[in-house]
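Q: Here's a structure for you.
Values in this text are rule-based calculations from the coordinates and carry no lab data. This is a predicted model, so every value here is computed, not measured. Because the Cβ atoms are built from the backbone with ideal geometry, glycine has one as well, and the counts that use them run over all protein chains shown.
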Amino acid sequence: MIKMEVPKGNLNALPPTMVTGWINLKFNVNFQEDELINIKDFSLLWNVFESKVCGNHFSIPVVDLCLAANNLQMEDFIRFLTYFQQRYIENGAINARYPFLNFQPNNREPFVRDVLLGNLVGTNERILAMIIIVYRFRNNLFHGVKQMHLINEQRENFEIANDFLMTFLNKTIFK
């Protein structure tokens with residue numbers, strides 16, 4: 001095991017970990033740890049979410065049951081909805097980024113679209129749509145087309161996804 005000195009204070013000052021260093025070497029990139037930390041953390045948070053909410057296998061109907069069993073308030077989640085709407089809606093229509101979520105037939109794409117466009121406004125509907133978007137982030141990360149030299153461009157998506165998952169878990173499972 002290689003031991004690394006970790007500087008005190010600013011996370012941006014962290015040197016690349018062994019894994020980040022390996023990726024930098026093999027893909028001829030120069031990622032800093034702060035560029036990848038949210039993507040790495042997402043793996044752990046998704047694992048907790050899927051385990052605690054879905055019994056180890058993501059299922060939209062199971063998430064629906066979790067939402068029905070809790071009295072969630074939209075005020076706790078509105079910042080996430082705003083982010084997703086700003087990311088995927090332009091001039092009242094779905095934008096060019098939206099198709100890159102790569103919805104599968106059972107992912108309820110029309111439902112998510114209607115939520116983002118403001119046609120469905122129920123709290124549970126909106127939260128479910130956001131969970132499906134985060135699920136698409138997950139699938140695209142683990143199963144999608146890999147462009148390692150661009151993965152750091154997903155930093156903000158995973159920062160938002162991590163915050164969303166922690167908020168959801170805090171309001172449902174760990175309340």
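Q: Take the Cβ-Cβ distance between Lys26 and Ala93 as r, set R0 to 35 Å, and report the resulting FRET efficiency rounded to the nearest 0.05.
A: Working: r = 40 Å, r/R0 = 1.15.
For R0 = 35 Å, the calculated efficiency reads 0.30.
Q: Which residues does a label at Glu153 reach in region 80-101, if reach means a backbone N under 12 Å from a point 7 Å past the Cα toward the Cβ?
A: 97
Q: Follow-up. Please order Phe164, Phe27 by the number of other Cβ within 10 Å, starting at the fewest.
A: On the way: Phe164 24, Phe27 14.
Sorted ascending by nearby Cβ count, the order is Phe27, Phe164.
Q: Test of understanding: ordering Ile173, Ile151, Ile131 by Cβ neighbours within 10 Å, fewest first, what list do you get? Can you show the working numbers first?
A: Values: Ile173 14, Ile151 18, Ile131 23.
In increasing order of surrounding Cβ atoms, one gets Ile173, Ile151, Ile131.
Q: What are the ³J(HN,Hα) couplings of region 132-143, residue after residue, when phi is run through the Karplus curve with 6.51, -1.76, 1.60 and θ = phi - 60°? Round to Hz, x for glycine and proline.
A: Each residue of region 132-143 in turn: 5, 4, 4, 4, 5, 4, 4, 5, 5, 5, 8, 10 Hz.
Q: Over its Cα atoms, what ratio of radius of gyration to 2.2 N^0.38 Å does region 32-172 give? Working shown, then result.
A: Numbers: Rg = 14.5 Å, N = 141, 2.2 N^0.38 = 14.4 Å.
Rg over 2.2 N^0.38 Å, computed on Cα atoms: 1.00.
Q: Under a plain spin-label model, where a point goes 7 Å from the Cα along Cα-to-Cβ, how far apart in nm are Phe111 and Ser59?
A: For the pair Phe111/Ser59, the computed spacing is 1.4 nm.
Q: Additional query: Per-residue ellipticity at 222 nm for the chain, helices alone: DSSP H runs ≥ 4 residues times -39500 (n - 2.57), over residue total, nearest 500 deg cm²/dmol?
A: Working: 7 runs with 99 residues, N = 175.
It comes out at -18500 deg cm²/dmol, rounded to the nearest 500.
Q: Within the chain, how many Lys pairs sit with Cα atoms under 28 Å apart, leaving out pairs fewer than 8 places apart on the same chain?
A: 11
Q: Now for a separate question. Per residue of region 155-171, in order, report the coupling 6.51 cos²θ - 1.76 cosθ + 1.60 (Karplus, θ = phi - 60°) as ³J(HN,Hα) in whole Hz, putting x for Gly and Pro.
A: Whole-Hz 3J(HN,Hα) from phi for region 155-171: 3, 5, 4, 6, 5, 5, 4, 5, 4, 4, 4, 5, 5, 4, 5, 5, 8.
Q: Over the chain, what relative contact order in percent results from Cα pairs under 8 Å that are six or more residues apart? Could the numbers behind the result be given before it?
A: Numbers: 135 pairs, mean separation 49.8, N = 175.
Once normalised by length, the contact order is 28 percent.
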